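Nothing in this text is a laboratory measurement; each read-out follows from the coordinates by a stated rule. Because the structure is a prediction, the values reported are computed rather than measured. Cβ: placed from backbone, ideal geometry, glycine included. Neighbour counts: every protein chain shown.
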Amino acid sequence: MVFLDLDDFKHVVDTHGHLLGSQILGEVARAIHSVLRPDDSLVRYGGDEFIILLPQTSQEEALALVRRLRRTINSTFFLQKEGINLRLTASYGIATLPQDAQDRETLLRIADRAMFRSKGRGKDGIMVGRDLTPAPVD
């Protein structure tokens, strides 16, 4: 499981408004889908948070996918049609079964905690697992 939260999205909405903020979220979802595999699932969790379910995926495979996703989001220009060309970053937390948790509720809590730890370490990063190990981002 991957928990991700867009960095400084409140500032984006304060600058460009809620309507364009909603449009950005749709563009972010399309960018995420471009990296996902057929069996992966994307869920908007609330506001600017997303959960990605990666069935049958090891922690190492999840980390490789999140690194690709990070590069995709960081290099995408959002709101191009509006002439804004906005760049975004996100903070990511990864948790896997059975390494980090034995049930879905704990898995979600650990992925969420890892994402918040990523934000606390300066944003635009990836934290892995219950031990909250920072992952090199490339």
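Below are the figures for this structure:
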{"read-out": "Net charge dipole size for the chain [Lys, Arg +1 and Asp, Glu -1 on Cβ; Debye, nearest 20]", "value": "200 debye"}
{"read-out": "Theoretical FRET efficiency, 1/(1+(r/R0)^6), r = Cβ-Cβ of F116 and S75, R0 25 Å, to 0.05", "value": "0.50"}
{"read-out": "Residue of L108, L88, L79 that the Gaussian network model of the chain assigns the largest fluctuation, springs spanning Cα pairs under 10 Å", "value": "L79"}
{"read-out": "For the chain, alpha-carbon Rg relative to the globular expectation (2.2 N^0.38 Å, N residues)", "value": "1.01"}
{"read-out": "Using a Förster distance of 25 Å, the FRET efficiency for I84-R109 (Cβ separation, nearest 0.05)", "value": "0.10"}
